[in-house]
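Read through the structure below, which is laid out as structure tokens, and then see the notes.
The values are calculated or read from the model by the stated rules, or taken from the named source; none is laboratory data. Treat the numbers as computed from the prediction; the structure is a model and nothing was measured. Methodologically, a virtual Cβ is constructed for each residue, glycine included, from the backbone with ideal geometry; neighbour enumeration extends over all protein chains shown. These accessible areas exclude ligands, DNA and RNA; they are computed on the full protein's heavy atoms, side chains included. Shrake-Rupley method; radii C 1.70, N 1.55, O 1.52, S 1.80 Å.
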Amino acid sequence: MRECHIYIESSLAWPKAGSGIVGLIFTDKNDGFTKTLFGRVDNATENKAILIGIKNALKYCSSFDVINLHLTCRYVAAGFNWLPSWKQKDFKNKKGELVKDYELWQEIARELNEKELRIHLKEFNGYRKWLKAECLNRGRKHGFIL
């Protein structure tokens, strides 16, 4: 089985929507290769920014069977627990309303397909601190952060 890791951070840290930077590092199990990507997001909360980053990162995972997702966003981590139920209910919650950011969750579910996903929430890793700092630096450079 082929295994990869996705490390993801964002310069956004407030519940209000805004513009910011999402950064991710994509690597195989043995760090045999590493790809680093940064992108600008607009009109996004931290949660939405992280989902956008995950959606984009998963496009590089087609040849992998196991995906290790390293993140610090509790909402997104919890969403992966709810994802099977959301899929069965056409991405509607218990009240029958569409879940927030359902379009992104649908795309993520399609990309994951039959892959095994392992969530690593707030676990120490060698990329986390640098990735967060780089997102903040790039956000300052573009005027998103004072």
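State yes or no: is GLU107 open to solvent by 90 Å² or more (accessible area, probe 1.4 Å) and either under 25 Å from SER62 (Cβ atoms) or free of Cβ contacts under 8 Å to residues at least 12 places away in the same chain (or both)? No.
Please work out if THR36 is of a type outside the set (Asp, Glu), closer than 16 Å to ARG128 by Cα and open to solvent by 40 Å² or more (accessible area, probe 1.4 Å). Here the answer is yes, as THR36 does meet what is asked. LYS122 meets each of the listed conditions (1) surrounded by fewer than 18 Cβ atoms within 10 Å (Cβ to Cβ); (2) at negative phi; (3) at pLDDT 90 or above apart from (2). Checked against the criteria, ILE21 does not count as in a helix (DSSP H, G or I) and either in contact (Cβ under 8 Å) with a residue 60 or more places away in the chain or on the phi < 0 side of the Ramachandran plot (or both).
Residues of the stretch 6-18 that are open to solvent by less than 30 Å² (accessible area, probe 1.4 Å) and not in a strand (DSSP E or B): SER11, LEU12. Specify the residue that is nearest to TRP130 (Cα to Cα); the eligible residues are those in the stretch 60-77 that are more than 12 Å from the chain's Cα centre (by Cα) and open to solvent by 20 Å² or more (accessible area, probe 1.4 Å). The qualifying residue nearest to TRP130 (Cα to Cα) is TYR60.
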